[in-house]
Amino acid sequence: MYTLGIETSCDETSVAVVAKRKVSSCKTFSSIRLHAKYGGVIPEIASRRHLKFIDHVTTLALKDAGIRAKDIGLVAVTREPGLIGSLLVGLRFAESLAYSLDVPLLGIDHLHAHLFAAFLDRPKVTLPFLGLVASGGHTQIYRVNDLFQFRLIAQTRDDACGEALDKVGRYYGLGFPAGAKIDSLFRAEWVEERLFRMKSLERFDFSFSGIKTKAVYLHDQLQKEGTLTEKRVTGILSSFQYAVVDSLINNLTRSVKKFKIGTVVCGGGVVANSLLRARLADLRKSLGLELLLPPIKYCQDNAAGVAGLGEYLYAKRKP
Ligand code: KG4
Ligand code: ZN
């Protein structure tokens, strides 16, 4: 049976076809270029782009999978969280499609789908696990015993990790979004570990707004002094990325130790980050973990995780 997944929670219009966790196709149109000049995603533009392209992206996904609409046995769609106008386009489209094909429709949590992307094209789903979602809109750690119940054990109290990277990068002239650009200019040897110190919070929660503000003040101060050179900017952004990644790794490590769970699953756009992936690999070795990361193409918003999780939940549902 083929499951068709639809994701429209933010600026990506994505449609995927999945069967037995194998991705037959995943087509994604992004409207990010249109938002870049505003320095952030404009909800009205995002929803209008979804409306314009969803039909076409669906046709492409079916074609790429080599199937026809009547071969679909289930439609899964991102239900929340996300931009309301964008979500509504995907939801209404999915409802109409499921109704016209007379197949069931399942609403999927966007963050859970980010994590499920790590199980795609793999032989099994390992449970229980600790799940780290690190994206432009979210930073959470979940404890997952079964995929019907994600228990939130940590979240950000202010900015998401990707949001902090984007805002600081934008302030330093890298445009929007800036996460991947900061990643590519990162120089480990120029990191000043003491430049961005994180406050330790109770539980395993995150906070990035303090170091974000420090980065902004530093920029203005150096600019005033005339010492904001390209080398200095690279050093500051490398140190900033280092601090963000360090916080993700520290809280994840503490969670693994507290809950004694040996499998870690990660998802979300920031999981494409090279330093984070390297630090996670170190953590896997030092704690003897099973570590599951999606390939880079399924880190950012995509419908493959939505279809995969929909298929899994539908198959395991209680009658
Ligand atoms: O998961 P995603 O596509 O959208 C949300 O659900 O938020 O994540 C987008 C975020 C942006 O903040 C972007 O800057 C960040 O992922 N990002 C990265 C990298 N690639 C994308 N951050 C750090 N390093 C990267 N290589
Ligand atoms: Zn996302």
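Bear in mind these aren't lab numbers, they're just calculated from the coordinates by the rules spelled out. Just so you know, these numbers come straight off a predicted model, no measurement behind them. Every residue, glycine among them, receives a Cβ derived from its backbone with ideal geometry; neighbour counts consider all protein chains shown.
Please list the non-local residues whose amide H lies under 5 Å from the amide H of Asp109, H modeled 1.01 Å from N, same-chain partners needing a gap of 5 or more.
Here the answer is Arg79, since their amide H atoms fall under 5 Å of that of Asp109.
What 222 nm value per residue comes from the helices of the chain, counting each DSSP H run with n ≥ 4 as -39,500 (n - 2.57) and dividing by all residues, nearest 500 deg cm²/dmol?
About -15000 deg cm²/dmol.
I need the phi-derived Karplus couplings for the range 145-156: 6.51 cos²θ - 1.76 cosθ + 1.60, θ = phi - 60°, integer Hz, Gly and Pro marked x.
3J(HN,Hα) across the range 145-156, in whole Hz: 8, 9, 6, 8, 9, 9, 9, 6, 10, 7, 8, 7.
For the range 266-277, take each phi angle, set θ = phi - 60°, evaluate the Karplus expression 6.51 cos²θ - 1.76 cosθ + 1.60, and give the result in whole Hz per residue in order, putting x for glycine and proline.
10, x, x, x, 6, 6, 6, 5, 5, 5, 4, 5
Just to confirm my numbers, what's the Cα centroid distance between the range 174-249 and the range 259-319 in Å?
A separation of 25 Å, based on Cα centres.
What is the distance in Å between the Cα centroid of the range 12-43 and that of the range 150-172?
Here the answer is 20 Å between Cα centres.
Taking loop as defined by DSSP and a crowding limit of 14 other beta carbons within 10 Å, which trypsin sites (Lys or Arg not before Pro) in the range 1-70 fit?
The qualifying sites are Lys20, Lys37, Arg68.
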